[in-house]
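Q: Sharing a structure below in structure tokens format, with a few things to ask.
The values are calculated or read from the model by the stated rules, or taken from the named source; none is laboratory data. Predicted, not measured: the structure shown is a model, and the values here were computed from it. Counting neighbours? That spans all protein chains shown, and the Cβs are built from the backbone with ideal geometry, glycine included.
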Amino acid sequence: MTLPKLDVVKDNLFHGILPYRVAYKHESIHLNQSNMRPIASTDNIIFPPGEPVTEINPITRCGYIQFEHSFNQPLPTLVQAEYNEGFITLTAVVLINTTIGKPNLAINQLFTISNDGAPQLQFFIHCDVEELENISGNPTADNIYNAFSVVFEARSAKGLPSGVSLGDIRYVETFLWNIDPKTSRGTVTTVQTTN
């Protein structure tokens, strides 16, 4: 994704996931947040690697958690993964400090090798700049993080080495991706099989 050339800087914070600074034309808003960590310019914005996942179910809110303090970095995800009939179904629970009922999230898939040498997929949950602005403008109060269930399927073998199929994937690692760039700690999950 290429950002348009813009002339005025606006600070924003995707509460719980993506603190960033981005430029916008003809307006300037500076948020006075204790956990704000703006970057110097849009030159530092990095979008996640890998191929986009297109099989994403509608995102649903599934609860909330309240912390004593807010966080200035993404929180780890909770993930379940299951291989069945040629694809991997994943359910990830992400925590975001927003009142938005259904944030518009995207996911990228990247093939890697696990620490023990087994085939692994990494998934990066993120959003575009417009959705970040929407989320940052609608924070919850009192350090409440709403939980959202993100169910998606890894069906594409694109990016897998020759001789490796989705049935060979033993682990998945999931991140909330921060474009400034800061990410959550990766959550590694063993892929369960139904066969």
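Q: With the requirement that a residue be closer than 19 Å to Cys127 by Cβ, modelled with pLDDT under 60 and assigned to a loop (DSSP other than H, G, I, E, B), what does segment 30-65 give you?
A: Residues satisfying the conditions are Leu31, Gln33, Asn35, Met36, Arg37, Pro38, Ile39.
Q: Among the candidates Leu75, Leu105, Leu95, Leu121, which residue alone is among the aliphatic types (A, V, I, L, M) and at pLDDT 95 or above?
A: After applying the criteria, what remains is Leu121.
Q: Considering each residue of segment 141-156, count those that are modelled with pLDDT under 95 and among the acidic types (Asp, Glu), and give that number.
A: 1
Q: Which members of segment 82-127 meet the condition of being β-branched (Val, Ile, Thr) and within 17 Å of Asn146 (Cβ to Cβ)?
A: Thr91, Val93, Val94, Ile96, Thr98, Thr99, Ile100, Ile125
Q: Return the residues of segment 79-126 that are in contact with a strand residue (DSSP E or B) (Cβ under 7 Å, 6 or more places away or on another chain) and among the polar types (S, T, N, Q); say none if nothing qualifies.
A: If the condition is that a residue be in contact with a strand residue (DSSP E or B) (Cβ under 7 Å, 6 or more places away or on another chain) and among the polar types (S, T, N, Q), then Gln80, Thr89, Thr91, Asn97, Thr98, Asn108, Gln109, Thr112, Ser114, Gln120, Gln122 are the ones that fit.
Q: Considering only segment 80-97, state which residues are surrounded by 22 or more Cβ atoms within 10 Å (Cβ to Cβ), of a type outside the set (S, T, N, Q), touching a helix residue (DSSP H, G or I) at 6+ places or on another chain (Cβ under 9 Å) and over 11 Å from Val172 (Cβ atoms).
A: Ile96
Q: For the condition surrounded by 16 or more Cβ atoms within 10 Å (Cβ to Cβ), of a type in the set (Phe, Trp, Tyr) and touching an Asp or Glu at 6+ places or on another chain (Cβ under 9 Å), what is the one hit in Phe152, Phe124, Phe175, Phe148?
A: So the residue among Phe152, Phe124, Phe175, Phe148 that is surrounded by 16 or more Cβ atoms within 10 Å (Cβ to Cβ), of a type in the set (Phe, Trp, Tyr) and touching an Asp or Glu at 6+ places or on another chain (Cβ under 9 Å) is Phe152.
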